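Heads up: the structure comes next, in structure tokens.
Just so it is clear, none of the values below were taken in a lab; they were calculated from the coordinates. Values in this document were obtained by computation on a predicted structure and should not be read as measured data. Cβ: placed from backbone, ideal geometry, glycine included. Neighbour counts: every protein chain shown.
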There are 2 protein chains.
Amino acid sequence: MARAVQKRTLETRARLIAAAEAVIAEKGFEALRVEEVVLRAGTAKGTFFAHFKDKDALMDLILGARIDAVLDKIEAAPPPKTVEVLAEALAPLTDLMTCERYVFDVILRYSGAAAIDEIGPIATTFGRQVEVFEAWLKDAPFRRDVPADLLAEGVHAFMLQAMATNFCALHNAMSLRDRFVPYLKAWLLPMA
Amino acid sequence: MARAVQKRTLETRARLIAAAEAVIAEKGFEALRVEEVVLRAGTAKGTFFAHFKDKDALMDLILGARIDAVLDKIEAAPPPKTVEVLAEALAPLTDLMTCERYVFDVILRYSGAAAIDEIGPIATTFGRQVEVFEAWLKDAPFRRDVPADLLAEGVHAFMLQAMATNFCALHNAMSLRDRFVPYLKAWLLPMA
DNA sequence: CGATTAAATTGACCATGGTCATTTTAATAA
DNA sequence: TTATTAAAATGACCATGGTCAATTTAATCG
């Protein structure tokens with residue numbers, strides 16, 4: 001017979017996550033080591049992998065939660081009516097996603113899921129991001145010749161493009177915002 | 001005094017690359033192991049890392065070469081005049097870049113360079129891809145209200161978006177092409 | 001309360017990428 | 001030709017993520 005989850009399990013899991021958050025706060029995501037998480041949490045290494053499929057699954061969890069928190073704030077604000085305000089509204093999101101090159105890589109790697117039952121926190125936030133954009137675009141003074149969902153996906157694509165390009169030394173004379181706005185103008189206000 | 005590169009060095013390097021290509025041909029990119037490359041090439045492990053900074057640097061080299069080869073063919077063909085033909089023309093490129101999930105991940109990770117002197121083969125091809133697109137767009141019957149380089153970057157962004165989405169189980173009812181064309185129409189032919 | 005059993009935990013062990021002091025090879029100097 | 005030395009190659013070793021058979025813990029049963 002299936003037994004209920006023990007309180008102990010939840011405590012162990014919470015300790016592991018707290019330990020990871022502590023390491024991240026001190027040294028950043030890139031320096032996160034399973035060894036250290038386990039040491040701080042006071043568990044064996046095997047316990048870590050009993051709770052998380054692999055190290056990236058923990059990253060997925062933590063980053064997904066952070067992105068969700070940012071989306072909560074973004075959703076609470078009034079919908080932007082200009083591309084400049086839109087780009088500004090997305091700054092907290094792009095800041096988080098590009099806080100470290102490693103973080104951006106993990107996010108991209110986990111932004112899709114090979115199987116329906118593998119959809120993780122980050123992939124879920126990607127869906128939510130597009131939904132938020134779509135809600136904005138539905139009643140904003142932007143182009144209406146294409147469906148709002150396609151428009152939203154485009155905003156997302158350009159956001160990713162701007163972030164990726166911003167990491168590259170070849171193009172780092174411009175700020176992310178200055179790169180993002182021209183894309184948005186061309187996409188949301190053609191012929192304007 | 002600086003001495004010329006020995007023929008031996010070039011031979012060793014060629015053997016390593018050939019061994020890697022052989023493994024990839026047999027088992028795919030994902031299954032590539034430095035151990036096996038070194039075994040087949042008849043060198044020590046340390047030799048591998050004397051020739052390539054790390055395993056990913058070899059991937060960068062091999063994938064960069066393959067992308068370049070595809071771009072050569074693409075450039076040789078006449079410039080597309082419709083979005084459908086454009087999407088069709090890019091199929092060999094998207095096929096290569098998405099032949100394996102791991103390959104796509106490596107390409108994204110190496111598509112930018114943190115420092116000018118770190119620009120590798122894949123990052124170089126990304127620049128070239130946009131140049132090819134730009135050349136096409138310069139005298140094609142598409143929108144002219146935005147600069148050709150911005151338009152080309154947009155095509156690239158949508159190509160990446162279409163590929164990424166195509167890997168995701170949430171959206172795999174549609175072919176990459178069917179996902180790509182609507183983006184291109186909305187981007188290149190607004191209001192049409 | 002024992003006895004039973006499923007869940008949770010453990011840590012020795014493995015897989016694989018990567019390092020570096022040492023050795024070997026070959027190009028140049030004497 | 002022999003000595004010198006820079007370049008190349010070596011492989012034992014390390015770092016780190018991940019596995020799994022064995023052990024411990026705690027929920028349930030009689």
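Points worth noting:
- Matching residues, the range A:143-174, being outside any helix (DSSP H, G or I), within 11 Å of chain B (Cβ to nearest Cβ) and either of a type in the set (D, E) or closer than 23 Å to A:D105 by Cβ (or both): A:D145, A:C168, A:N172
- Every pair of residues 6+ apart whose Cβ atoms lie under 7 Å, when the first sits in the range B:92-116 and is over 19 Å from A:Y102 (Cα atoms) and more than 10 Å from every other protein chain (Cβ to nearest Cβ) while the second is among the acidic types (D, E) and part of a loop (DSSP other than H, G, I, E, B): B:E100/B:E30
- Whether a residue is at the interface with chain A (Cβ under 9 Å from one of its Cβ atoms), touching a Lys or Arg at 6+ places or on another chain (Cβ under 9 Å) and of a type in the set (F, W, Y) was assessed, and B:F126 does not pass this test.
- Counting residues in the range A:22-29 that are among the aromatic types (F, W, Y), surrounded by 12 or more Cβ atoms within 10 Å (Cβ to Cβ) and in contact with a Lys or Arg (Cβ under 9 Å, 6 or more places away or on another chain) gives zero.
- Flag if A:F29 is away from DNA strand C (no atom under 15 Å from the Cβ) and within 22 Å of A:Y110 (Cβ to Cβ): yes
- Taking each residue of the range A:48-71 that is within 15 Å of A:E30 (Cα to Cα) and looking for partners that are within 7 Å of DNA strand D (Cβ to nearest atom) with beta-carbon atoms closer than 7 Å, six or more apart or interchain, yields A:K55/A:V34.
- Restricting B:A140, B:A192 to those that are touching a residue at least 60 places away in the same chain (Cβ under 8 Å), among the hydrophobic types (A, V, I, L, M, F, W, C), within 21 Å of A:M191 (Cβ to Cβ) and not in a helix (DSSP H, G or I) reduces the list to B:A140.
- Filtered by the rule that a residue be assigned to a helix (DSSP H, G or I) and surrounded by fewer than 17 Cβ atoms within 10 Å (Cβ to Cβ), the range A:67-95 gives A:D68, A:A69, A:D72, A:K73, A:E75, A:A76, A:E84, A:V85, A:E88, A:A91, A:P92, A:D95.
- Flag for B:A18 being more than 30 Å from B:F142 (Cα to Cα), away from chain A (no Cβ under 14 Å), free of Cβ contacts under 8 Å to residues at least 40 places away in the same chain and away from DNA strand C (no atom under 16 Å from the Cβ): yes
- No other residue among B:T43, B:T47 is within 11 Å of DNA strand C (Cβ to nearest atom), surrounded by 15 or more Cβ atoms within 10 Å (Cβ to Cβ) and either within 14 Å of chain A (Cβ to nearest Cβ) or among the hydroxyl-bearing types (S, T, Y) (or both) apart from B:T47.
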